[in-house]
Amino acid sequence: MSTTPKTAAKQGFDPIALLLEGRAFFALIAIIVVFSLLSPHYFSLANFLVMASHVAIYGILAIGMLLVILNGGIDLSVGSTLGLAGCIAGFLMQGVQIEAAGVILYPPVWAVVVLTCVAGALVGFVNGALVAWFKVPAFVASLGVMYVARGVALLMTNGLTFNNLGGKAELGNLGFNWLGFNRLGGVPIGVLVLATLAILAGLMLSRTAFGRWLYASGGNARAAELSGVPVKRVQITVYVLSGICAAIAGLVLSSQLTSAGPTAGTTYELTAIAAVVIGGAALTGGRGTIRGTMLGAFVIGFLSDGLVIIGVSSYWQTVFTGAVIVLAVLLNSIQYKPRAKATA
Amino acid sequence: MTAAPVLSARNIAKSYGNIHALKGVNFDIHQGQVTTLFGENGAGKSTLMKILSGVVQPTSGEIVLDGAPVTFANSTDARNRGISIIHQELSLALNMNVRDNIFMGREIMTRSGVDFAEEERQTRALMAELEEDIDPLTPVEELRLGQQQIVEIARALSVNSRILIMDEPTSALSATEVEVLFKVIRDLTARGVSIVYISHHLEEALQITNHAVVLRDGAMTAYAERGAIDLEWIVRNMVGENFDLGSPPGGYTMGPTALSIENLSVPDAAGVGFSVVDRLSLSVRAGEIVCIYGLMGAGRTELLECVAGRLAPSGGRVLLQGQDVSGLTIAQRIAKGLVLVPEDRQRDGLVQTMTVGQNLSLASIGAFTKGLFTSRRAEAAVVADAIRTVTVKTDASGAAPIGSLSGGNQQKVVIGKMLATKPSVIVLDEPSRGIDIGAKAEVFRLLAEGAKQGLAVVYSTSEVGECLSIAHRIIVMHRGRISAEFDHTVAKEKIMAASGEAVSH
């Protein structure tokens with residue numbers, strides 16, 4: 001039997017396919033156009049940068065979430081990990097008292113950042129180990145870790161918030177603000193962090209062996225394993241990377257706010273999932289791109305900020321966000337509907 | 001023996017796009033008789049069954065039921081007219097009991113809810129009718145496969161089916177269970193139920209059938225009554241007159257032992273104690289082609305998966321060029337030159353979300369990764385080379401989605417993927433499953449060429465004809481052990497006898 005000509009349609013110009021392919025992009029354009037017409041304040045560089053710095057938090061979480069979803073998993077713990085990471089950073093910035101030596105250690109900001117990321121990686125590792133080695137369904141494993149991480153954050157702070165993360169010059173730990181609060185060439189650092197992470201993750205997905213392994217094991221783990229892909233290692237790694245992304249998002253958020261509360265990031269995991277889904281990734285794994293996920297994050301961010309700017313109540317914002325997610329999933333199922341089986 | 005047919009297919013054709021799965025098939029089903037459909041994988045048997053049972057609609061042609069043309073809107077419609085199908089994969093809810101399975105979806109209701117007592121009574125009556133001692137309250141998962149099949153039959157009978165279509169009903173049954181099933185079939189036909197039977201076990205089907213319909217490439221090639229035919233007639237009509245799957249490659253000297261299996265045992269997946277592969281030893285030389293023949297459940301798949309590293313052995317060793325690889329992972333074995341082409345290419349062979357090229361290069365990513373990044377140019381070279389080697393019908397860039405290929409070309413992609421790793425030993429589990437005869441010949445030609453260049457090839461099959469093609473040596477497996485070993489001049493009957501396939505009459 002010869003090859004079926006199903007691919008022929010793709011090569012020709014097909015406006016519907018193009019709309020479907022680029023739906024997140026067109027949605028973003030539509031959002032920008034509509035809100036620019038509705039409000040004179042929307043279409044300005046300053047506003048875009050402010051909105052982008054809001055998007056940064058969700059976007060960074062969504063990058064990690066995309067990796068996990070490409071693997072066919074889900075990570076519900078990222079919101080809690082974000083909160084926990086903020087608290088760890090806050091805890092370290094306040095100084096670590098070592099009773100035996102009778103001194104208080106003030107680690108420099110770079111050490112705070114590294115330690116926080118290590119903590120995030122550890123949380124991710126727990127997720128990955130539960131899923132890959134102990135065969136706990138990803139939904140349940142990360143749901144459990146979500147509660148544990150949130151609980152640990154509350155225990156660490158006794159439910160209170162770390163304020164004044166600015167550090168003191170005499171203690172040598174100035175500079176925490178720099179991460180989220182400051183700007184570089186007018187662009188908020190958080191946005192630059194997002195862009196850097198997105199480029200790195202994009203390169204990893206498209207140009208490295210690991211990226212190929214990830215797509216393969218998400219598409220068909222059994223086939224990948226028989227082709228020599230270290231399926232379990234890939235699985236654990238994506239959760240670790242997701243944990244690190246959550247920790248970075250936690251650092252950026254607490255720097256933006258110059259405070260770290262234990263309840264920060266509650267339900268952010270759902271926003272991250274939404275961004276990934278709007279970006280066209282399949283929850284069954286194996287399909288999705290960084291570009292799509294970034295568009296998805298910006299669609300959600302620009303939509304909700306736009307609604308705030310034109311003064312729509314936050315209740316309506318929730319309704320709109322939900323509708324956009326459902327619409328996105330609907331379009332996903334149209335795009336990925338099973339093709340007619342090729343009869344052998 | 002001939003009366004008016006209960007059901008007739010008149011010029012049934014079915015096309016999917018420009019693939020013609022069926023091209024005008026005609027045959028009759030007679031009351032109280034067994035009609036068997038013979039044909040290789042991909043000949044169109046399942047499509048025909050789906051049409052007769054209302055699952056799909058024919059593109060043209062008509063179905064005549066009791067002398068009047070009918071169209072079935074869906075399978076429920078067909079069932080209401082007395083036509084039921086029992087699929088190869090049983091459609092029972094394993095967690096529920098026999099009674100609930102039989103009445104699933106059409107529970108007997110009273111005002112106060114489901115009338116379990118009545119359902120149970122009817123189930124008992126059905127089981128008595130089938131002379132099977134199965135308690136209606138037993139969970140189906142506790143039944144043996146043969147008994148589960150009986151439950152499926154009981155469910156079909158409970159809706160007063162007059163025509164029962166059975167798709168490979170014996171493929172997973174033990175010999176005694178097959179006997180029981182055949183007895184049930186004889187009882188059913190005696191009561192006037194017509195059976196349409198599909199099986200790959202030709203001898204088995206010949207025992208039970210009254211009529212034979214042979215399909216090849218979507219067309220009916222022969223139709224005859226049991227009295228007029230024999231095994232050879234079926235095989236001839238199934239594969240065509242002048243069909244040649246090749247012969248063992250020669251004209252070169254084989255190298256030293258490449259793969260050596262020593263006393264290998266593989267435990268049963270369910271962990272019930274006995275071994276599915278039992279202290280098996282086998283060695284294969286470089287350039288040699290070995291065929292492993294055996295029935296389903298003989299332990300072929302387990303043996304090959306254990307050699308490749310997917311299953312852990314409970315004893316014994318696997319040596320590659322004299323080096324023990326037993327403790328290595330799949331990836332390490334691939335790196336050392338030992339690769340597996342799995343049996344189920346959809347489940348284990350292909351990543352459906354990726355392109356043809358990405359599938360082809362999946363196992364040899366290391367070869368085109370320089371430093372941190374993969375090299376696009378090196379990958380394109382690997383892909384183009386693989387497409388050329390295994391002659392996949394697709395464009396050379398491999399950008400087409402894998403799902404757009406036919407079964408035979410998909411299989412070539414799986415083989416090409418493993419050949420791209422430059423192996424010294426390739427084991428293939430049923431490489432000819434579900435591909436058409438032309439692709440089959442191409443796959444075998446590919447293997448023969450590999451062997452000429454020093455590749456050690458081991459492939460398994462459940463079709464005797466495929467043993468007697470390119471293999472230098474034929475190993476017959478039965479219950480986890482080697483029951484016989486032949487060279488390629490052996491007669492088919494001897495191979496079948498050694499596999500335990502020859503059923504006494």
## Note on the structure
Filtering segment B:459-480 down to residues that are hydroxyl-bearing (Ser, Thr, Tyr) and modelled with pLDDT under 90 yields B:Thr461, B:Ser462, B:Ser469
#### Entry: Some residue of segment B:143-163 being assigned to a strand (DSSP E or B) and under 30 Å from B:Gly24 (Cα atoms)
yes
### Message
Among (1) at pLDDT below 85; (2) over 23 Å from A:Thr161 (Cα atoms), there is one condition A:Leu105 misses while meeting the rest; what is its number?
### Response
(2)
#### Entry: Test result for B:Asp344, over 30 Å from the mean Cα position of the chain (by Cα) and over 25 Å from B:Ala399 (Cβ atoms)
no
## Note on the structure
Out of (1) surrounded by 13 or more Cβ atoms within 10 Å (Cβ to Cβ); (2) more than 26 Å from A:Ala221 (Cα to Cα), the one A:Gly172 does not meet is (1)
### Task
Mind counting the residues in segment B:303-334 that are assigned to a helix (DSSP H, G or I), touching a residue at least 40 places away in the same chain (Cβ under 8 Å) and of a type outside the set (A, V, I, L, M)?
2
### Task
Only residues that are under 25 Å from B:Ile261 (Cα atoms), outside any helix (DSSP H, G or I) and at the interface with chain A (Cβ under 8 Å from one of its Cβ atoms): list them for segment B:335-386, please.
B:Leu340, B:Pro342
### Query
Applying the selection to segment A:202-240, what residues are surrounded by fewer than 23 Cβ atoms within 10 Å (Cβ to Cβ) and away from every other protein chain (no Cβ under 14 Å)?
A:Ile236, A:Thr237, A:Val240
### Message
Please list, ordered by residue number, the strands (runs of 3 or more DSSP E) wholly in segment B:28-103 having 2 or more residues that are more than 27 Å from the chain's Cα centre (by Cα) and buried (at least 19 other Cβ atoms within 10 Å of the Cβ).
### Response
B:60-65
### Query
Got a sec? Which strands (runs of 3 or more DSSP E) wholly within segment B:171-289 have at least 3 residues that are within 25 Å of B:Leu48 (Cβ to Cβ)?
B:194-198, B:211-216, B:219-225
### Message
Could you check segment B:328-362 and list, in sequence order, the residues that are among the β-branched types (Val, Ile, Thr) and more than 20 Å from B:Tyr459 (Cα to Cα)?
### Response
B:Thr329, B:Val351, B:Thr353, B:Thr355, B:Val356
### Query
Which ones in segment A:281-294 are not polar (S, T, N, Q) and not in a loop (DSSP other than H, G, I, E, B)?
A:Ile290, A:Arg291, A:Gly292, A:Met294
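The values are calculated or read from the model by the stated rules, or taken from the named source; none is laboratory data. For clarity, every value in this text was computed on a predicted model and none was experimentally measured. Cβ sites come from the backbone with ideal geometry, for glycine too, and all protein chains shown count toward neighbours.
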